[in-house]
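This report concerns only the one structure given below.
The values are calculated or read from the model by the stated rules, or taken from the named source; none is laboratory data. Values in this document were obtained by computation on a predicted structure and should not be read as measured data. Here Cβ is always computed from backbone atoms with ideal geometry, including for glycine, and neighbour counts include all displayed protein chains. Areas reflect the complete protein model, heavy atoms only, side chains present, ligands, DNA and RNA absent. Shrake-Rupley method; radii C 1.70, N 1.55, O 1.52, S 1.80 Å.
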Amino acid sequence: MKRLELAIESIVLGSRWLLVFFYLGLGLALGIYALSFMRKLYDFIMKVMILDDTDTILKILGLIDAALIASLVVMVIISGYENFVSRFDNHDGEIHWLGTIDVGSLKVKVASTIVAISSIHLLQVFLNNQQYTTDQLMWLTIIHLTFVVSALMLAYIDRITGLAKGDKKAAVDEGPSL
């Protein structure tokens, strides 16, 4: 019976390596998205002299949005691999920050990035507000506020669980109370 249990545990633990296909796929998608970014950048460079201020800001916001999305993908790939598949070997300080991003922190960072992306989209909408109805503007704002509240709740939950972990560690460090 113990052999069966060990075999099942080995399969369950080994299944984490299937995540590598997802992370490699995200890496490929990031490469494709980089091509899209280069197309946007080229379009901006070619039109920069004929764009008015609002269109220039919109183009720049589009580039910032793309950079945030790319950063989000990289964060998910690296942190996900580190947290769920395998620890990275020493890479001479290139990735020293990896050990500091746990699953809770990753969720907060992802939520914060989504709020930033949503903020950029909302700013783009408000800069082109003549193309939207009042109802559309209201719903886009409500959706954005939903992202903001969700990110704040995730950060609050992460903080509470971090404090709870700290309390347990402090209790262990102090020893039993008399």
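Of all residue pairs spaced 6 or more apart or on separate chains, those with beta-carbon atoms under 7 Å, a first member in segment 3-26 that is under 16 Å from Phe84 (Cα atoms) and a second member that is of a type in the set (Gly, Ala, Ser) and open to solvent by less than 80 Å² (accessible area, probe 1.4 Å) are Leu19/Gly80; Tyr23/Gly80. Note on segment 38-54: among residues that are open to solvent by less than 60 Å² (accessible area, probe 1.4 Å) and in a helix (DSSP H, G or I), the one that is nearest to Val76 (Cα to Cα) is Leu41.
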